[in-house]
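**Q** To start, I am sharing the structure in question, which I have written as structure tokens.
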Amino acid sequence: LDLDSAQKTLKPGEPLKLIADAAYLYGAPADGNRFTARLAVAAEQSPVESLPGYFFGDPTIALPREARDIIDTEFPADGTLRQDVALPDEVKPTAPIAVVVSGSVYETGGRTVTRTLKRVMWPAPALVGVRPLFNPDDGADANSTARFEVMRVDAAGKPQPAKGLKITLVRELR
């Protein structure tokens, strides 16, 4: 079983164009085999692999906590299933969202083979990422200056310069 999508990132309101290919080990397509899929969504704070340590979006956005069943069908004769998967209504274009599809093909004996596919819904042409110059798990040292790097990039991680950005630093006392 292989799960794929030509989309590297999703745009707001755009469905995930899922492609599922299934074949037996000897090469024959999984014609008529049952296929099921579940969809999970979560805040994606670090969506740009080329920028480790940068945080994007709001990690507190309200999203469904449970994965939802989205597909229960059989593979066609060629063993390739193509289906558009709509995102849940709760997914709003306010922050990067991880979209994870977990698909399973069932062999005639009942055994399953499961694979996952992850894509990110990128909510705008460019987003601002923040990288703390201290360990984010520990926080900045007491009585020291908390320093950050800020970068505005597109979904591919290419810098997108901008002027007049406003930044607000919120101090939380726990």
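**Q** Within 10 Å of each candidate Cβ there may be at most 10 other Cβ atoms; applying that plus a DSSP loop requirement, which trypsin sites (Lys or Arg not before Pro) in region 88-172 survive?
**A** Arg111, Arg147, Lys163, Lys166, Arg171
**Q** Shifting gears a bit: Just need the relative contact order of region 5-147 here, percent rounded to a whole number, with Cα pairs under 8 Å and 6+ apart.
**A** Once divided by the residue count of region 5-147, the mean separation gives 31 percent.
**Q** Based on alpha-carbon positions alone, could you give the equivalent ellipsoid semi-axes of the chain from the gyration tensor, as √(5λ), descending, whole Å?
**A** 40, 16, 14
**Q** Another question about this same structure. Which pairs break 18 Å Cα to Cα here: Lys17/Lys158; Lys11/Lys118; Lys92/Lys163?
**A** Listed pairs above 18 Å: Lys17/Lys158; Lys92/Lys163.
**Q** For Thr60, Thr108, what's the largest-to-smallest order of accessible area, 1.4 Å probe?
**A** Thr108, Thr60
**Q** Under 17 Å from a point placed 7 Å out from the Cα of Gln83 along the Cα-to-Cβ direction: which residues of region 22-51 have their backbone N that close?
**A** 22-23, 30-41
The values are calculated or read from the model by the stated rules, or taken from the named source; none is laboratory data. If you're wondering where the values come from, they're calculated on a predicted model, not measured in any experiment. Here Cβ is always computed from backbone atoms with ideal geometry, including for glycine, and neighbour counts include all displayed protein chains. Quick note on the areas: whole protein, heavy atoms, side chains included, nothing else; ligands and nucleic acids left out. Shrake-Rupley method; radii C 1.70, N 1.55, O 1.52, S 1.80 Å.
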